[in-house]
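Just so you know, all these numbers are worked out from the coordinates, no wet-lab data involved. Being a predicted model, the structure only gives us computed values, none of them experimental. Heads up, the Cβs are rebuilt from the backbone with ideal geometry, glycines too, and the neighbour counts pull from every protein chain shown.
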Amino acid sequence: MVIIGLIAILLIGIWFSFWLSMKIIEMLPYLILLYIALNILNFILDHKTGILLTILVIAAILISAWIYGLRHPDDESAADQADAENTVEISPAVADDTDVETPIAQPVALTPAEQRDQAWKQMEKIHPLNMGDGLFIDTKNEQMFLDLGDSEMRGQKYLLEDFSAVQEYKVREETTENKVIGVRFADMGRYNFADIELSKATNDVLGVSPADYFEGILAQQISAVHPEASPLQSDDQQGIAGTSH
């Protein structure tokens with residue numbers, strides 16, 4: 001314990017000596033000025049020079065020391081203030097009242113399959129009648145959706161048409177079980193048809209077969225658009241090979 005106490009006293013003594021040395025160094029300019037002033041005063045008194053001159057010299061020295069003491073602590077704050085004054089605030093290049101147009105991201109182009117899926121999601125919400133072979137009928141809005149599968153027509157993998165767009169239809173092929181009906185819509189070429197193969201078996205929901213139900217819709221539309229035309233035509237009458245999906 002005694003050793004620890006001695007070490008503590010020694011450290012305190014070293015710290016005090018260091019602190020006193022720093023204070024003496026800080027006061028060194030004043031001490032030098034005071035020493036010079038005393039020497040000047042001694043010189044003046046020894047030579048019997050006027051007392052007024054002595055007082056003026058001492059006063060000048062003291063005033064100089066006082067001014068130096070006042071300015072010295074402010075050097076750091078003055079430097080900080082100068083840095084603050086030299087700091088340039090960067091203003092935005094655009095005025096506050098100027099509207100800045102935000103770049104609008106260009107929509108990503110959808111593939112034909114993605115377009116079909118997107119259109120089907122809208123149609124699916126209506127719960128259309130499933131006629132088979134990718135054909136769905138929306139009787140409320142009088143629309144039909146045809147999934148073309150792997151085929152494409154007009155760069156699309158589906159057709160979404162109004163009933164009123166039906167221009168022509170004909171039976172392509174018929175068996176005891178199915179009937180292939182070719183349909184031409186308003187925006188299709190004269191010799192282009194979308195072929196749809198529907199069942200001839202009676203559907204419990206429809207009360208008739210999907211083929212007869214769809215053919216009835218087509219015949220009704222043809223009669224409304226072309227009352228004088230025969231809605232059902234054969235391939236022999238047309239002499240045209242339709243486009244199948």
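If you go through region 187-196 and keep only what is surrounded by 12 or more Cβ atoms within 10 Å (Cβ to Cβ) and over 15 Å from Phe136 (Cβ atoms), you end up with Met188, Tyr191, Asn192, Phe193, Asp195. Of all residues in region 123-143, those being out of contact with any Gly (no Cβ under 8 Å at 6 or more places or on another chain) and in contact (Cβ under 8 Å) with a residue 40 or more places away in the chain number 6. Check whether at least one residue in region 146-157 is exposed (fewer than 14 other Cβ atoms within 10 Å of the Cβ) and free of Cβ contacts under 8 Å to residues at least 24 places away in the same chain, and report yes or no. Scanning region 146-157 turns up at least one residue that is exposed (fewer than 14 other Cβ atoms within 10 Å of the Cβ) and free of Cβ contacts under 8 Å to residues at least 24 places away in the same chain.
Any chance region 164-175 includes a residue that's in contact with a helix residue (DSSP H, G or I) (Cβ under 9 Å, 6 or more places away or on another chain) and in a helix (DSSP H, G or I)? Yes, region 164-175 contains a residue that is in contact with a helix residue (DSSP H, G or I) (Cβ under 9 Å, 6 or more places away or on another chain) and in a helix (DSSP H, G or I).
Restricting attention to region 197-218, the residues being within 18 Å of Thr139 (Cα to Cα), outside any loop (DSSP other than H, G, I, E, B) and in contact (Cβ under 8 Å) with a residue 40 or more places away in the chain number 7.
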